[in-house]
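The structure appears below as structure tokens.
The values are calculated or read from the model by the stated rules, or taken from the named source; none is laboratory data. If you're wondering where the values come from, they're calculated on a predicted model, not measured in any experiment. Note that each Cβ is placed from the backbone with ideal geometry, even for glycine, and that neighbours are counted across all protein chains shown.
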Amino acid sequence: MSTDSIQRDTLEVDILCVGAGVASLATALRLLRRCDENKFEKPSIMVIEKGAQVGAHILSGAVLDPTPLLDLLTAEERAAMPVQSLVKEETVCRLTATGSLRVPWVPAAMCAHGLPIISLSQFVRWLGGLADGAGAEIYTDMPAAELLWEGDRVAGVRLRYPGQGRGSWRRRGGLSHR
Ligand SMILES: Cc1cc2nc3c(=O)[nH]c(=O)nc-3n(C[C@H](O)[C@H](O)[C@H](O)COP(=O)(O)OP(=O)(O)OC[C@H]3O[C@@H](n4cnc5c(N)ncnc54)[C@H](O)[C@@H]3O)c2cc1C
């Protein structure tokens with residue numbers, strides 16, 4: 001049986017964000033809040049994430065430059081965001097084959113003194129809560145498998161359900177989001 005003959009459901013949304021990382025969640029939150037501020041009708045925004053939970057596939061810690069958050073979040077939200085610690089001390093080392101040499105200064109471009117250190121996984125879970133509260137629909141366990149094209153423009157994605165990867169594709173139809 002060819003995958004082309006599989007019956008698929010199609011779900012139409014105004015805006016589809018693939019992957020619940022900071023980029024998608026910030027986009028969804030910003031758009032929905034801008035609509036509220038300007039009294040525009042809110043578009044339907046769906047965020048699909050391949051991980052079992054938002055943040056499950058995000059492993060990095062991060063030193064956060066909070067400047068872009070000034071536009072995105074309220075002062076109360078910024079105060080409540082999950083921060084592990086602030087950068088208290090910085091060192092630049094040159095790694096050698098047998099050890100490391102400490103550089104006696106920190107180049108200005110690498111200076112992060114006082115900036116928050118976050119777990120990105122925790123941060124996106126928290127940001128996902130705000131996006132959800134603003135009206136975004138966030139779905140996990142939904143890996144996008146291929147792009148759907150209409151002429152030369154991307155019109156949506158086709159999902160692959162977990163377990164459909166190797167040979168089990170034909171057991172269920174896929175779901176397309178446009
Ligand atoms: C080791 C490391 C250290 C870093 N340190 C810093 C730092 O100190 N400071 C800093 O500012 N930045 C840092 N970064 C960079 C920062 O993590 C990225 O810039 C940021 O996470 C990018 O956000 P994003 O939303 O574009 O993508 P991501 O955060 O990568 O999110 C993408 C999301 O999409 C999901 N996804 C992927 N493919 C699919 C699919 N087919 N279908 C559905 N969902 C999908 C993933 O599971 C994930 O949840 C670091 C990155 C790494 C790897």
**Prompt:** With respect to ALA26, is the statement that it is within 13 Å of the ligand (Cβ to nearest atom), assigned to a helix (DSSP H, G or I) and within 27 Å of MET110 (Cβ to Cβ) true?
**Reply:** yes
In the range 29-44, anything within 16 Å of the ligand (Cβ to nearest atom) and either hydrophobic (A, V, I, L, M, F, W, C) or buried (at least 20 other Cβ atoms within 10 Å of the Cβ) (or both) is listed as LEU29, LEU31
Residue set GLY151, GLY165; condition surrounded by fewer than 12 Cβ atoms within 10 Å (Cβ to Cβ) and either at pLDDT 75 or above or of a type in the set (Asp, Glu) (or both); output residue GLY151
By my count, helices (runs of 4 or more DSSP H) wholly in the range 45-142 with at least 1 residues that are surrounded by 15 or more Cβ atoms within 10 Å (Cβ to Cβ) and either more than 14 Å from the ligand (Cβ to nearest atom) or touching a residue at least 24 places away in the same chain (Cβ under 8 Å) (or both) are 69-72, 120-134
